[in-house]
Amino acid sequence: MKKLLAFAITVVLIATCLVGCGGSDSKDDNKLETVTEGKLTMATNAEFPPYEFYEGEKVVGIDAEVAEKIAEKLGLELEIADVSFDSIIPGVQSGKYDMGMAGMTVTDERKRSVNFSDSYATGIQSVIVKEDSPIKSIDDLDGKKIGVQTATTGDIYASDDYGEDNVKRFENGAAAVAALTANKVDCVIIDNEPAKAYVEANKGLKILDTEYAVEDYAICFSKDSEELQKKVNDALNELKKDGSIQKIVDKYINAD
Ligand code: GLN
């Protein structure tokens, strides 16, 4: 009987040791898998002030700073890849980037290709016109030439509402606004914060009072990166809660 007890105790001890050893292994398993070990690679299109734009050689802006804080929380180093807006989702899908953060609007169509974090900002699609434009409200857009940035929601909605033939696509917002200034298009539909920045930087332009669409911005992930998505989302929500995101937004967008 004693022998049996001793055997039983030995079995329990071995089992405990195995579980214990497993514990240290599982620490490794907990390490977040990213495209490049130790880095959080974010794809963006750095032509979208105040969310992402260049200050010298560096990409700065609301998204860049929020992502920096998220990376910090996850113990990763942020790496930003500046690519065209329409290659962000394919790049995230194919596992080239860990996430896409680019003032990106959540849409049902995009949800078929990628997963989204919780939303961290509201975007508004605005219409920029020349100061002396006959376009007074969005009711005057029928038959007008509308400039947009390729594959953005401005592009998608305008193409749906006014027909592809009336929409002229540009690589970025700056090029669309340059076309407006040169009378090559009658207006530009673009998110309101970049719209404000472009109107400020170019004389003779204004934003219509009427909003074209109101939308939510979020970070996108591959459908295969659910663990990373959850961790980033948790970090994002902590940053929302402790006021860090508001602080970053206030730094870039003057509260009026
Ligand atoms: N919010 C718009 C979209 O998601 C535009 C984003 C952008 O140009 N960076 O389509």
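Any read-out appearing in this document is the output of simple, stated calculations on the displayed coordinates, not a laboratory observation. Since this is a predicted model, take the numbers as computed values, not measurements. No Cβ is skipped: glycine too gets one built from the backbone with ideal geometry, and neighbour counts run over all protein chains shown.
List of remarks:
- A Förster radius of 45 Å, combined with the Cβ-Cβ distance separating residue 241 from residue 210, puts the computed FRET efficiency at roughly 0.85.
- Summed residue charge, Cβ within 14 Å of residue 70's Cβ, Lys/Arg positive, Asp/Glu negative: -4
- The alpha carbon gyration tensor of the range 178-250 gives principal lengths a ≥ b ≥ c with a/c of 1.5 or higher and a/b greater than b/c, which makes the shape prolate.
- The modelled label-to-label distance between residue 119 and residue 137, using points 7 Å beyond Cα along the C-beta direction, is 2.4 nm.
- Residues of the range 78-96 with an amide N closer than 17 Å to a point placed 7 Å from the Cα of residue 33 along the Cα-to-Cβ direction: 92-96.
- Annotation: amide H of residue 213 within the under-5 Å range of 125, sequence separation 5 or more or interchain, hydrogens built in the peptide plane.
- Ellipticity estimate at 222 nm from DSSP helix runs (n ≥ 4, -39,500 (n - 2.57)) divided over the chain, nearest 500: -12500 deg cm²/dmol
- For the range 30-149, a simple Cβ point-charge model (Lys and Arg +1, Asp and Glu -1, everything else neutral) yields a dipole of about 320 debye relative to the Cα centre.
- For the chain, built as a Gaussian network whose Cα springs stay under 10 Å, the top-fluctuating residue of 201, 102, 213: 201
- Stretchable slack from residue 54 to residue 200, in nm (0.36 nm times residue separation minus alpha-carbon distance): 50.9 nm
- Sparsely packed loop sites in the range 215-256 (the trypsin sites (Lys or Arg not before Pro) outside DSSP H, G, I, E and B with at most 16 other Cβ atoms within 10 Å) comprise 223.
- Two-decimal ratio, the range 100-143, of alpha-carbon radius of gyration to 2.2 N^0.38 Å: 1.68
- Simple rule: put +1 on each Lys or Arg Cβ and -1 on each Asp or Glu Cβ in the chain, find the dipole, and look at 189, 126, 243; the Cα lying farthest toward the positive end is 243.
- When each of 130/247; 145/251; 111/241; 145/247; 130/240 is checked by Cα-Cα distance, pairs over 31 Å: 130/247; 145/251; 145/247; 130/240
- Net charge of Cβ neighbours under 9 Å - reference residue 106; Lys, Arg +1; Asp, Glu -1: -1
- Pairwise label distance in nanometres, residue 159 with residue 181, each label 7 Å out on the Cα-Cβ vector: 2.7
- With Rh defined as the Kirkwood radius, the inverse of the mean 1/r over Cα pairs, the Rg/Rh of the range 161-206 is 0.95.
- Area projected by the alpha carbon convex hull of the chain, averaged over all directions, nm²: 17.8
- For the range 147-256, GluC sites (Glu not before Pro) are listed when DSSP marks them as loop and at most 10 other Cβ atoms sit within 10 Å of their Cβ; the list is empty.
- Partner aspartates and glutamates for residue 206 [C-alpha distance under 20 Å; skip if fewer than 8 residues away on the same chain]: 47, 131, 132, 139, 140, 142, 155, 186, 191, 193, 256
- Magnitude of the charge dipole, the range 110-256, Cβ model with Lys/Arg +1 and Asp/Glu -1, debye to 20: 360
- Angstrom value of the Kirkwood radius, inverse mean 1/r, which spans all Cα pairs in the range 85-234: 16.0
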